[in-house]
Each structure stands twice: as structure tokens, then as C-alpha cells.
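For reference, the structure is listed below as C-alpha cells.
The values are calculated or read from the model by the stated rules, or taken from the named source; none is laboratory data. From a predicted model like this one, the values you see are computed outputs, not experimental measurements. Glycine also receives a Cβ, built like all others from the backbone with ideal geometry; neighbour counts cover every protein chain displayed.
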Amino acid sequence: MGRIPWQTQEAGHFEVDLVHHCGRSAHGEYAHTLQMVDAATGWSERVAVLGRGSRAMEEGFRLIKERVPFQIKELHPDNGPEFFNDHDHMVRLWGEELTGLKLSRSRPYHKNDNRRVEQKNDTLVRAYLGNGRLDQASQVASLNELYDLMWVYYNLFQPVLHLAEKQYIQEEGAGDAGGGGKMRRKWDVARTPYERLKQSGGWELCEEQRHKLDELYERTNPRALRDEIYRLLAQVWKWQEQAERSGQNRQVAVAVAVAVAVAQQSEKVA
């Protein structure tokens, strides 16, 4: 247990998390976003699944595995039952699929152990989808269409910063017991995950994938791609509005039914 070191330079060490799209109620089956972020390059992967049972999780992991253009060397999820259950289904799956894979996990109640993917949960999932409920297979399919476009946009065209150095500075007069200091962090030059990956040495096993990504980069118009992302997002936001109105209508119907029942009971008593 612990965290992937901040100074990791080798591509392939992924933090993993699951984002719930249950809205105000976790009752029943609903959509989830399985997200993975590489510690060294910032390369991110997302896939939507319906439910979080072993079959749904296996399907999501397989989709990501087929798309990642470099070797997955480590998976670092939290302690959620979707990753570590009584049958250790995911452990067996990855042990069979990927030779030499390291499987680590965060310490209980230490969300900062998965700080990279937690940040992307906010900026690349919640910021786009909000907190509404998504629970239809058609919605999951549309989310994956959206995530396919985001995969290109955020991995090939959006620069990310990487922590290059951190140093604890002891303030004057603080003494030897510690405290009274502050952490200074220095960041490197912002580069896209695509650029970082090419410089990390993580390409030696996937020359075919490298060629495909180079071609994809050359033929993609990032502005047109961004417009298409927002076109699909408009549909997601429409679902959110419809779900909100539906929930409000149900609340009104329940309130009316209760009021009628109370009135009828009052008439009987009178």
C-alpha cells in the first residue's frame, strides 16, 4: 500500500479510479466512468460502464487495455470492492492478461495516494458531466463516444505540467523539531502526454501504435475536435435537465398524493 512516487519517469504506471454517475440516489444500476492516469506522462484513459460488477469492470478494463499504446506495468487503484473483492476477480484477470504486471493500491482513507486520477476525476469527468444520474445503456454508449474524442484531444493536444522538484524549506527560528516550514514545488515545461510518451522510452514495444498516433496527430484538427466534443456534451447536459425535471415531477406527484390522502383522512374524522 502507498502511492506511485511523484518522480516516476517510466511510462506505464497507472492510477485507477471509478467515478459514480448515480445522481442523488445510489439505488439500482447506473453508469460509472473507469479512469486511468499514467504517472509519468499524464496519459489518461476513460471508459463508461453500466454497473460495477465483475463483468462490467472486466469489459471496461479490456477496452482500455486494447487502446493504451504502451505497456501497462502497474495498476494502482483504491480499496474499492470493484477492484478488490472476495474473489479477487480483477487480480486474476490482470495477472492472466499482462505478464509482469505490478498491482498496488492506496492506503485506506488516503485519497491523496491517488492524487493524479482524483484530479482528473474532477477536471475530465465531473466538470463535463456534472453530478446527475445516468443509468441507461444508450447513455453509456454515448459517453464512450464522447470519451473516444476526449482520448484524442487530451492525450495528443492538451499540455500538462509535471512535478520536477520539491523541497521542504525550514523557516528561520523554527527549530529542529520540525514545523514552521513550507514545501516548494517546481514544475517542468508543459507538454502533451503524447510528447512526454515519445520522450519516455515507452515506445519500444509498440512501433505500430506509434505510427498510428503520429498519423492521427497529423490529420486531426483540434478545434474541430473540440467542437465535436461539445456537441456530444450538449446531449449529456440535456439528459441531466430531463432527469432533474423528472425528479421534480415525481416529488410534486408524491406531495400531491400525500396532501390528498391527508385531506381525505381529515374528512373522515370530521
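State all residues of segment 1-38 that are of a type in the set (Ser, Thr, Tyr) and either assigned to a strand (DSSP E or B) or touching a residue at least 60 places away in the same chain (Cβ under 8 Å) (or both); if no residue qualifies, say none. Selection gives Ser25, Tyr30, Thr33.
Taking segment 109-139 as the range and being at pLDDT below 70 and surrounded by fewer than 11 Cβ atoms within 10 Å (Cβ to Cβ) as the test, the residues that pass are Tyr109, Asn112. Consider segment 29-87 and keep the residues that are of a type in the set (Phe, Trp, Tyr) and at pLDDT 90 or above. The one that is farthest from the chain's Cα centre (by Cα) is Tyr30. Contact annotation: residue pairs with Cβ atoms under 7 Å, 6 or more positions apart or on different chains, pairing a residue in segment 47-66 that is under 19 Å from Gln136 (Cα atoms) with a partner that is among the aromatic types (Phe, Trp, Tyr), are Val47/Tyr147; Ala48/Tyr147.
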